[in-house]
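Readers should treat all values here as calculations from the given coordinates under stated rules, not as data from a laboratory. Remember, predicted model here, so these are calculated numbers, not experimental data. Positions of Cβ are generated from backbone atoms using ideal geometry, with glycine treated the same way; all protein chains shown enter the neighbour counts.
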Amino acid sequence: MQIFKKKFTLFIMILFISSCGYTPVYINKSKNNMNFKIVSMTGDSIINEYLKNLINNNSSKKSEDENQTFLLNINSQYTKNSISKDSKGNSIVYLSTVSIKFEISRGNTRKEILLTDNLTFNNLNDEIEEIDYENSIKQNFAESLFENFFIQLTDFE
């Protein structure tokens, strides 16, 4: 009976170790294998700074060949509109929208990717706290849209 338990345990361990053959879809599309060069950035300076840091952190410096480097022109726009006001006319709810247009070229191939995201948030009584919160929102937008950009970039041919 003890031999059966050992064999069964060994079989279960081999089964779990070998897994079921699952491999992630983007396993061969690592960010570290891509080289980015920012040609121009226009629009919201805070979002552009976050994007610049994300791009530089996820860019490989291995390939200096221009045909392997993604050349980027980035245009970001940020709007904050009041969508609800109280009886005194003070804004109580805002709609924050970010739109980022990536113009990508590599070799003779060009592609344009337009990404947009929005968020509603309540007015904060403290103006400094609201500015900090808005900057945090911009950072989150930049990170989220960069991930979406990267996913779309994996199909770039």
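Rg to Rh for the range 29-153: what is it, with Cα atoms only and Rh by Kirkwood?
1.08
Label points 7 Å out from Cα along the Cβ direction at N135 and I113: separation in nm?
If labels sit at N135 and I113, their model points lie 2.7 nm apart.
Quick one: if you stick a label point 7 Å off each Cα along the C-beta vector at K101 and M13, how many nm between them?
Placing both labels 7 Å beyond Cα along the Cβ direction yields 6.0 nm.
Using alpha carbon centroids, what distance separates the range 78-102 and the range 124-157, in Å?
Answer, in whole Å: 16.
Where nothing but the Cβ of Lys and Arg (+1) and of Asp and Glu (-1) is charged, how large is the charge dipole of the range 29-153 around its Cα centre, in debye to the nearest 20?
That gives the range 29-153 a dipole magnitude of about 640 debye.
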